[in-house]
1. Using 0.36 nm per residue, how much length does the chain from SER237 to SER100 gain when fully extended, once their Cα-Cα distance is taken away?
2. Evaluate the distance, in nm, between pseudo-label points positioned 7 Å from the Cα of ALA9 and of THR272 along their respective Cα→Cβ axes.
3. I'd like the projected area of the chain, averaged over all directions, using the convex hull of its alpha carbons. Report it in nm² with one decimal.
4. Provide Rg over Rh for segment 227-274; use the alpha carbon set for both Rg and the Kirkwood Rh (inverse mean inverse pair distance).
5. With +1 on the Cβ of every Lys and Arg and -1 on the Cβ of every Asp and Glu, and nothing else charged, how large is the dipole of the chain about its Cα centre, in debye rounded to the nearest 20?
Amino acid sequence: DSEPRSYPALRVLSVSNQKGGVGKTTTAINLGTALAAVGEKVLIIDMDPQGNASTGLGMPRGKRKTTAYDVIVNGAPLADAAAPSALPGLWLVPADPDLSGVELELAQAQRRSFRLRDAINAVRQTPGGSPYTYILIDCPPSLNLLTVNAMAAADAVLVPLQCEFFALEGLTQLMRTVELVRASLNPKLEIQGVVLTMYDRRNRLSDQVAQDVRSHFGDKVYETMIPRNVRVSEAPSFGKPVLVYDLNCSGSQAYLKLAREVVGRERARRATAA
Ligand code: ADP
Ligand code: MG
């Protein structure tokens with residue numbers, strides 16, 4: 001390992017899928033929490049005007065001060081927008097509905113696709129090193145300017161995929177978008193991995209989809225699958241990650257396993273890169 005221990009490298013992951021309801025926000029919140037639980041320093045950036053990640057992490061509307069909107073439109077530093085969460089090692093840049101106006105407000109702006117990248121680059125240049133080892137960006141369910149900013153800023157895309165009919169079609173479309181972003185904005189953008197969500201082993205379709213996705217995307221698909229678990233869907237209404245709400249449930253254990261897999265792959269990637 002050639003990287004100095006006191007300057008941990010930062011890995012920026014865009015949690016993306018143009019489809020809504022596939023588990024992006026749930027994965028951003030809970031993978032982020034699980035990464036913090038295994039000792040990483042994690043910043044979650046809520047890039048969805050709906051602000052579900054902010055609510056799910058216990059930051060109601062009235063408490064959101066400097067937001068992703070201020071970062072993207074006004075150039076506010078991430079360090080000013082990052083609010084500590086209730087958990088050590090986990091910070092949040094909240095979103096509010098203003099964020100939906102970004103597309104129009106930046107219509108004529110310079111570097112409109114690189115607003116988030118510029119903000120993250122400033123973090124990378126923090127004296128003494130980045131205070132975070134992972135940044136997870138929770139994308140909105142569309143391919144708008146916000147998602148483009150996320151993919152232009154990211155080192156890699158992490159794709160939550162719901163085990164349902166048409167999952168592969170959606171994934172193929174997303175891969176095409178990643179190709180476009182590579183060609184125009186961010187040549188080094190990688191696919192970090194695909195995580196199967198809301199998996200139900202009693203459902204034959206769920207199992208078939210999982211097999212199909214694995215046969216097409218091979219080891220890009222994480223071994224860990226996130227089971228459908230009612231505790232996972234209950235937790236956000238308490239403003240808590242599921243790991244805080246119920247550490248022992250199957251959803252929490254799966255996100256912890258996923259975090260270990262992500263960290264393991266990251267170590268392996270760095271070892272080959274070094
Ligand atoms: P997205 O951000 O992609 O729109 P969400 O993360 O908001 O998707 O998830 C969509 C819905 O599915 C939410 O109501 C969420 O609570 C629920 N959900 C996500 N993952 C699970 C899971 N593993 N088990 C049960 N419900 C889940
Ligand atoms: Mg969402």
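Each value in this text was obtained by applying a stated rule to the coordinates, not by laboratory testing. Just so we're clear, the structure is a prediction, and the values are computed from it rather than from any experiment. A quick note on method: Cβ atoms are made from the backbone with ideal geometry, for glycine too, and the neighbour counts reach across all protein chains shown.
1. Result: 47.0 nm gained on full extension.
2. Reported label-point gap for ALA9 and THR272 is 1.3 nm.
3. Values: hull surface 55.2 nm².
It is 13.8 nm².
4. Dividing the radius of gyration by the Kirkwood radius yields 1.19.
5. My answer is approximately 360 debye.
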